[in-house]
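Engineer: Supplied in structure tokens, the structure appears directly below.
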Amino acid sequence: MRIVLVQMPWGALDMPSLALGILHTAALRAGHQVEVRYANLDFVDWAAETTGFGPDDYAYFSEKSYFQGAGDWAFAGALYGEAIEATGTTGAPDPDRYFEYLAANGASEREMALARATRATALNFVERLVADLAAEAPDLVGFTTTFQQNTAGLAAARLLKQASPRTRTVLGGANCDGPQGAALHRNFPFLDYVVRGEGEAAFTALLDLLDGDGDGDDAGDDAGDSGSSDPAAIPGLCWRDGSGAAVANAMATHPLPPAAILTPRYDGFFERLDASVAARWVEPKLVVEGSRGCWWGEKHHCTFCGLNGSFMQFRSKPPEAFLTEVLALAERHQLLDLYVVDNILDMGYFDTVLKSLAELPVDLRLHFEVKANLRREQFQLLADAGAVQVQPGIESLSTRVLRIMDKGVTGCQNVRALRDAQSAGVSVTWNYLYGFPGEQPADYETVLRQLPLLHHLDPPAGAGRIVTERFSPYFNRPELGFDIIRPAFQYRAIYRLPESELADLAYVFSAPLRGIDESLGRELAEAVAVWRAQYPDSRLSYRDSGERIVLVNTRPGYDWRVLELTDPVELTLFRLLGRPRTAAVLAARTPGGAATVDPVLRRWTALGLLFHDGDSCLQVAVESDNQVLMRLEHRHHATAVNSSAG
């Protein structure tokens, strides 16, 4: 069969689609002709030429506005055949109410005008794309949908079915997991199939089924009929029976084993990116996958997290297989920047994959998601292996709030992760979250008072109230605090569907506010903004030469510059505080006990050397070797961002 796999807006511009790369491999193995169409790049080129669309515009839809749904709203007009529906049109949401919602959630006048303008022209783009697809007369066109790709994919599938009725239309991806995929299939009859769950199994089985129908071209016929002739036998598949009624098969009960997780094929993406205006906007990256699921979530599912969907069970590729895959993809595409999409790093990779990468004469630049309780030497091994950025899931600096989240770490451990990662030369990305049932103002007030002493460490990208996500404990267990939920407002503004259908289609839900009030939330957000502004010029580092420790400070909140520790007791205390300790433990391990320790702790607290959380405290100075270099890199990045924005 002739197959086209499509990445619609608002998929990432700087890296290929992992999902389509995997399906590309699967379809080729089954003997089919496969093309991957990066329609997100097509859109960028078309919009840049026709409307002056730029990188910040794309980022607004693809990243910034996810929880308000602006990306899906922009293509909803193309889905329903109208640009901006007039109030009173049957079933059409009132656009004015949606813009009130955007404004209430921080959208600027420019961003709202951008949403209107993009919606007004989206149908033209979809029509051009579909004309190209239909001209190829493919047997099957598959659209992947994650985050804000629903309406763009649906709009293209609708017009494609009109232009080429014999072409099978298939939708799959994270937005199709569980009830979401069944709702999409039954509400949009131009979708022939929706694949739910892991695509290696269900999509391959679907191709075998369709190839056996005898409706494909010669290339498909040569592949043979190796699959079942009964669509009801494919776990997770949504299909239509002889009467046209939608049927949703039960989801698979077990996840794929590691050996069945395919290596992606990215042929064509980087050549297409090089030819696009987006090549001037982004630095290309490879995307790789070593594992699926979450080993921490299997034991303690973080209360707010909806990632992993139907399958939490952790499974990872054998270390030698993953290492070979990483190196082969880097060599094939001549790229050194790799984004590892795993939700959590397999701890077994430290002594295998990472150690091997550290010993090889390669200069990879890797991004990992890790747990925040890593040790200093583990951060160093990450750095030696090529990790330049990690996402440790910090989310809060309050132990009490972290326990509500079921994160399995303390506030001091999270600060230690920020400190030790920077000491190793690895930057940290994170967000400060609030709004958890049971949290108290004191959980934030004690942290807010201490944030100025952390201004030399990587700041959060922002602070925000949590939302209720499908598949999370907060969604599945109302007794945890969110007992009244409904689909978030944007779904009512995007789709012409009843609430009962939106309840199955939605991933994000609204609920009565819990935790701290909006005033304290704004105070936290403002404090984070100050942290981000002062970070480039803030430094707190130390060098330990054995007989003395010299600390250097440039944080604006503290007026001292150099501090030298030579007293043996102070040297011992400072080194002990490399880990979170209580005053009682420090007193027990120091000559003179509390009478000696307590005055030192008070003085160091006044100097901004210690972070306190409950009874524990931790020294926050960074080893001096890497901090200045990281400041220079941050300034270079900020300059590059400002230049591209201008």
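The values are calculated or read from the model by the stated rules, or taken from the named source; none is laboratory data. Source: prediction; values computed, not measured. Here the Cβ positions follow ideal geometry from the backbone for every residue, glycine too, while neighbour counts run over all protein chains shown. These accessible areas exclude ligands, DNA and RNA; they are computed on the full protein's heavy atoms, side chains included. Shrake-Rupley method; radii C 1.70, N 1.55, O 1.52, S 1.80 Å.
Engineer: Can you give the percent of C-alpha pairs in the chain whose distance is more than 35 Å?
Structural biologist: Working: 95154 of 208335 pairs.
Tail of P(r) above 35 Å: 46 percent of Cα pairs.
Engineer: Near ILE404, within a Cβ-to-Cβ distance under 13 Å, what is the net charge of the other residues, with Lys and Arg +1 and Asp and Glu -1?
Structural biologist: On the way: positive: ARG400, ARG403, LYS407, ARG514; negative: GLU395, ASP406, GLU439, ASP443.
In short, 0.
Engineer: Send over a whole-number figure in Å² for the accessible area per residue of the range 278-357, probe 1.4 Å. Could the numbers behind the result be given before it?
Structural biologist: Working: 3430 Å² over 80 residues.
That works out to 43 Å² per residue.
Engineer: Calculate, for the range 391-456, the solvent-accessible area per residue in square angstrom, rolling a 1.4 angstrom probe over the heavy atoms of the protein chains. Walk me through the intermediate numbers first.
Structural biologist: Values: 1740 Å² over 66 residues.
Accessible area per residue, the range 391-456: 26 Å².
Engineer: Here's another thing I want to ask about it. Suppose the chain between ALA245 and ARG486 were pulled fully straight at 0.36 nm per residue; how much longer would it get relative to their current alpha carbon spacing? Mind dumping the intermediate values first?
Structural biologist: Numbers: separation 241, 0.36 × 241 = 86.76 nm, distance 2.71 nm.
Extra length from ALA245 to ARG486 when fully extended: 84.0 nm.
Engineer: With a point put 7 Å past each Cα toward its Cβ, work out how far ALA137 is from ASP384 in nm, to one decimal.
Structural biologist: Result for the modelled spin labels: 6.1 nm.
Engineer: Gain in length, MET347 to TRP560, computed as 0.36 nm per residue apart minus the alpha-carbon separation, to one decimal in nm? Could you put the intermediate results ahead of the total?
Structural biologist: Values: separation 213, 0.36 × 213 = 76.68 nm, distance 4.04 nm.
Result: 72.6 nm gained on full extension.
Engineer: In the neighborhood of GLN413, defined by Cβ-to-Cβ distances under 11 Å, what is the net charge if each Lys or Arg adds +1 and each Asp or Glu adds -1? It would help to have the intermediate numbers written out before the result.
Structural biologist: Numbers: positive: LYS371, ARG375, LYS407, ARG416, ARG419, ARG579; negative: ASP420, ASP613.
Residues near GLN413 contribute +4 overall.
Engineer: Continuing with the same structure: Measuring from a point 7 Å past the Cα of ARG403 along Cα-to-C-beta, which residues in the range 438-467 have an amide N at less than 19 Å?
Structural biologist: It comes to 438-448, nothing else.
Engineer: Continuing with this model, one more query. LYS64 to THR596: extension gain in nm, 0.36 nm per residue of separation minus the Cα-Cα distance? Walk me through the intermediate numbers first.
Structural biologist: Values: separation 532, 0.36 × 532 = 191.52 nm, distance 5.09 nm.
Length difference between fully extended and current span is 186.4 nm.
Engineer: Ok, one more. As a test question: what accessible area, to the nearest 10 Å², does ARG543 have when a 1.4 Å probe is rolled over all protein chains in place?
Structural biologist: Its accessible surface works out to 140 Å², give or take rounding.
Engineer: Could you tell me the center-to-center distance, by alpha carbons, between the range 30-72 and the range 248-324 in angstrom?
Structural biologist: 21 Å
Engineer: Could you look at the chain and say what percent of its accessible area is carbon and sulfur, using a 1.4 Å probe and all protein chains? Don't jump to the answer; show the numbers that get you there.
Structural biologist: On the way: 13510 of 26160 Å².
Roughly 52 percent, rounded to a whole number.
Engineer: With n ≥ 4 as the cut-off for DSSP H runs, can you work out [θ] at 222 nm for the chain, using -39500 (n - 2.57) per run divided by the number of residues, rounded to the nearest 500? Please report the intermediate quantities before stating the final value.
Structural biologist: Numbers: 26 runs with 275 residues, N = 646.
Roughly -12500 deg cm²/dmol at 222 nm, from the helical runs in the chain.
Engineer: At 1.4 Å probe size, put THR446, THR118 in order of accessible surface, largest to smallest.
Structural biologist: On the way: THR446 60, THR118 5 Å².
Sorted by accessible area, descending: THR446, THR118.
Engineer: Another one. Determine the distance separating the Cα centre of the range 463-537 from the Cα centre of the range 586-602; give it in Å without decimals.
Structural biologist: 45 Å
Engineer: Could you compute how much accessible surface GLU298 exposes when probed at 1.4 Å, giving the result in Å² to the nearest 10?
Structural biologist: The accessible area of GLU298 comes to roughly 100 Å².
Engineer: Round to the nearest 10 and report in Å² the accessible area of MET347, as given by a 1.4 Å probe over the protein chains' heavy atoms.
Structural biologist: 80 Å²
Engineer: Just to be sure I understand the model, the point goes 7 Å from the Cα along the line to the Cβ. What's the resulting ASP230 to ALA321 distance in nm?
Structural biologist: 3.0 nm
Engineer: With axes computed from alpha carbons, what is the tilt in degrees of helix 150-163 against the longest principal axis of the chain, rounded to the nearest 10 within 0 to 90?
Structural biologist: 10 degrees
Engineer: Can you give the % of DSSP beta bridges in the chain that are antiparallel, to the nearest 5? Could the numbers behind the result be given before it?
Structural biologist: On the way: 25 of 61 bridges.
About 40 percent, rounded to the nearest 5.
Engineer: No other cysteine beta carbon under 4.7 Å away is the test; run it over the chain and list who passes.
Structural biologist: Cys with no partner Cβ under 4.7 Å: CYS176, CYS238, CYS294, CYS412, CYS617.
Engineer: While we're looking at this one, here's another question. For the range 1-137, with every protein chain kept in place, what is the accessible area per residue (1.4 Å probe, Å²)? Walk me through the intermediate numbers first.
Structural biologist: On the way: 5210 Å² over 137 residues.
Result: 38 Å² per residue.
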